[in-house]
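A.B. asks: Following this message is one structure expressed as structure tokens.
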Amino acid sequence: MCLFGALKMNLLMLLTLAALAKCAHSCPDLCSCSFPASGAEVVCSQSSLTHFPADGLPSNTTRLSIQSTKLSSITASHLSAVPRLNYLQLYHNNLTSLPSDLLKDVPHLDTLDLTGNRLIHLPPNVFDHASLRSLVLKNNLIGKADAEWFTGNSSLTWLDLSGNRLSSIPATLLQKMPNLDNLDLSDNSLQDLHPDALRNLHHLGTLNLAGNNFTSLKPTTFMHNLKLSQLFLYENQLRELPVTLFQGLQHLELLLLNGNQLQNFPLGLLDDKEIFFRMILTGNPWRCDEKMEYLWKWLTVHSQNVIFLEEVTCAAPEALKNRQVVSLTESELGLQKIED
């Protein structure tokens, strides 16, 4: 009897292990699966998919991508089936809202990509998830960013809110992200930044403010972001730049100012920006008169630092229109030579 009992128990264990193995290597309909040692990776990209692919989803899934489908809702219950998940991409679906408890059962989630959905308003605490480091909300319909998305300091290092309908960004939201390295706010309707918006972002390396409606920036806008290496300000309506705007940014390597309304640079704006610094200035209505002296001299000395230098041309006065700035002479700029 003891032998029979032992055999029966071993048989049950084998059947259980077989069932678990089968479950771990199953795959939902309309999806494809791979099974590396790190955990199952599932991709669902059939346009006919309308619901979360719960049936057959491997319990050891670590990466899940649902893209270009008709998925319109997702719940915490759905994600509870994949507790080891660390990467979730919900790319170009029909999501219009998210539940506030969405991430409560995926403690290892590192990356959440919600690009290209129809999200308008997000509830409080929706991203209050300790391990989340990368959050992409690109190309949605979000009109308001809310500090209450997080209850306390976030571990985010990457935040992408580009391509939404934001007219402002609350300083209290960004102040909860002291580890942020990359911030993308491009292609919104921002006109100004709160003076304290970037104050807490001491690790910020890349900042993208392109494609907004900025006409000016405060002199101290970037004074707390001394690790900035890439700064994108192109395609705004900037008319002038404060002389101290880039002061202290010793690590700045790439500055894009193309497509603004700049006519000249103030004396000293680019001082100490030489070795690894690169810049694009095309598409601005440069006025080639005596106020162009500083930029003209800087371009002449540092021509290797300017991408598309030949396209940096005068818009005025009429006599110099379309002339390359670096080709001008002192007399053409109206500069008076001091005789010895």
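A.B. asks: On the full set of protein chains, 1.4 Å probe, figure out the accessible area of ASP113 and give it in Å² to the nearest 10.
C.D. replies: It works out to around 20 Å².
A.B. asks: Shifting gears a bit: Sorted from largest down, what three extents in whole angstroms do the Cα atoms of the stretch 22-168 have along their principal axes?
C.D. replies: 50, 32, 22
A.B. asks: How do HIS78, HIS194 stack up against each other in accessible area, from largest to smallest, with a 1.4 angstrom probe? Intermediate values should be presented prior to the final figure.
C.D. replies: Values: HIS78 50, HIS194 95 Å².
Solvent-accessible surface, decreasing: HIS194, HIS78.
A.B. asks: Return one number: the angle in degrees, 0 to 90 and rounded to the nearest 10, between the long axis of the Cα atoms of helix 2-24 and the longest principal axis of the Cα atoms of the chain.
C.D. replies: It is inclined by approximately 30 degrees.
A.B. asks: Here is a further query. Just to check I understand the Karplus step: with θ = phi - 60° and J = 6.51 cos²θ - 1.76 cosθ + 1.60, what whole-Hz values come out for the stretch 32-43, glycine and proline as x?
C.D. replies: For the stretch 32-43, the Karplus curve yields 10, 10, 10, 10, x, 4, 6, x, 5, 10, 10, 10 Hz.
A.B. asks: Additional query: Over 10 Å intervals from 0, what percent of Cα-Cα pairs in the stretch 139-233 sits in each interval?
C.D. replies: 17, 55, 28, 1
A.B. asks: Expressed as a whole percentage, what fraction of the accessible surface of the chain belongs to carbon and sulfur atoms when a 1.4 Å probe is rolled over the protein heavy atoms? Spell out each step's value before the answer.
C.D. replies: Values: 8880 of 16880 Å².
On the chain, the fraction of accessible area on carbon and sulfur atoms equals 53 percent.
A.B. asks: Taking K and R as +1 and D and E as -1, what net charge do the other residues with C-beta under 12 Å from the C-beta of MET177 add up to? Don't skip to the end; give the middle numbers.
C.D. replies: Details: positive: ARG133, LYS176, ARG199; negative: ASP181.
Within the 12 Å Cβ shell, the charges total +2.
A.B. asks: Quantify how much of the Cα-Cα distance distribution of the stretch 219-329 extends past 25 Å, in percent.
C.D. replies: Details: 876 of 6105 pairs.
The answer is 14 percent, as a whole percent.
A.B. asks: Where a ≥ b ≥ c are the square roots of the eigenvalues of the C-alpha gyration tensor, would you call the stretch 283-323 rounded, which needs a/c under 1.5, or, failing that, prolate if a/b is larger than b/c, or oblate? Could the numbers behind the result be given before it?
C.D. replies: Values: a/c = 2.50, a/b = 1.42, b/c = 1.77.
Oblate.
A.B. asks: Find me the longest stretch of the chain that has none of the exposed GluC sites (Glu not before Pro), where exposed means in a DSSP loop (not H, G, I, E or B) with at most 13 other Cβ atoms within 10 Å.
C.D. replies: On the way: sites that count: GLU274, GLU330, GLU339.
That gives 1-273 as the longest site-free run.
A.B. asks: Find the percent of Cα-Cα distances in the stretch 111-166 that exceed 13 Å, and round it to a whole number.
C.D. replies: Values: 895 of 1540 pairs.
For the stretch 111-166, the share of Cα pairs beyond 13 Å comes to 58 percent.
A.B. asks: Hey, can you find the accessible area per residue of the chain for me, probe 1.4 Å, expressed in square angstrom?
C.D. replies: Numbers: 16880 Å² over 340 residues.
It amounts to 50 Å² per residue over the chain.
A.B. asks: Out of every Cα pair in the stretch 267-340, what percent are spaced more than 22 Å from each other? Walk me through the numbers before you get to the answer.
C.D. replies: Values: 575 of 2701 pairs.
Considering the stretch 267-340, 21 percent of its Cα-Cα pairs are separated by more than 22 Å.
A.B. asks: Please compute the alpha carbon radius of gyration of the chain, then divide it by the globular-protein estimate 2.2 N^0.38 Å. Two decimals is fine. Don't skip to the end; give the middle numbers.
C.D. replies: On the way: Rg = 27.2 Å, N = 340, 2.2 N^0.38 = 20.2 Å.
Normalised Cα radius of gyration, the chain: 1.35.
The values are calculated or read from the model by the stated rules, or taken from the named source; none is laboratory data. This structure is a prediction, so every number in the text was calculated from the model and none was measured. Don't worry about glycine lacking a Cβ; one is built from the backbone with ideal geometry, like all the others, and counts go over all protein chains shown. Note: accessible area is taken over every heavy atom of the protein model, side chains too, but ligands, DNA and RNA are not part of it. Shrake-Rupley method; radii C 1.70, N 1.55, O 1.52, S 1.80 Å.
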